[in-house]
1. Give me the residue from segment 92-125 that is in contact with a helix residue (DSSP H, G or I) (Cβ under 9 Å, 6 or more places away or on another chain), over 12 Å from residue 40 (Cα atoms) and crowded, with 17+ Cβ neighbours inside 10 Å and, out of that set, modelled with the lowest pLDDT.
2. Could you please find all residues in segment 67-81 being at pLDDT 95 or above, surrounded by 12 or more Cβ atoms within 10 Å (Cβ to Cβ) and either over 12 Å from the mean Cα position of the chain (by Cα) or farther than 20 Å from residue 126 by Cβ (or both)?
3. Closer than 15 Å to residue 39 by Cβ, part of a strand (DSSP E or B) and in contact with a strand residue (DSSP E or B) (Cβ under 6 Å, 6 or more places away or on another chain): is that true of residue 97 in this structure?
């Protein structure tokens, strides 16, 4: 009976330590967090946006950060994806969703794609009250 009680106490002590520290999750979040050089393309593949963003994790699923993008030439109908701002988003199983203008239900630009190693690629959508108004692709490469 004493042996079972000692095992129980040992488990009771170590179980919270294990559940609070998931090394795989922390390693994954640390490998994704950081600064990325960003390039946005229009529907034809022409470069329209360049810049960088910093990505951080709030927890295992929610992300936040800041972006600094500038227009290349004078693209039309791309929405509010140039200048500076703060973003919010979600991460799940390699898929990342970022809202560049999280305080707006419309007049927002979202980035949806996948992170593979140090590269985040996917599609950007300019959303207005009528839905997707414009779109293109993007590529972001981790720089630190």
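The values are calculated or read from the model by the stated rules, or taken from the named source; none is laboratory data. Because the structure is predicted, anything quoted here is derived from the model rather than measured. Cβ: placed from backbone, ideal geometry, glycine included. Neighbour counts: every protein chain shown.
1. Result: 115.
2. The answer is 68, 69, 71, 72.
3. Spelling it out, it is not the case that residue 97 is closer than 15 Å to residue 39 by Cβ, part of a strand (DSSP E or B) and in contact with a strand residue (DSSP E or B) (Cβ under 6 Å, 6 or more places away or on another chain).
For (1) surrounded by fewer than 10 Cβ atoms within 10 Å (Cβ to Cβ); (2) at pLDDT below 50, each residue gets a yes or a no:
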{"residue": "3", "(1), (2)": "yes, yes"}
{"residue": "13", "(1), (2)": "yes, yes"}
{"residue": "17", "(1), (2)": "yes, yes"}
{"residue": "28", "(1), (2)": "no, no"}
{"residue": "34", "(1), (2)": "no, no"}
{"residue": "45", "(1), (2)": "yes, no"}
{"residue": "49", "(1), (2)": "no, no"}
{"residue": "52", "(1), (2)": "no, no"}
{"residue": "60", "(1), (2)": "no, no"}
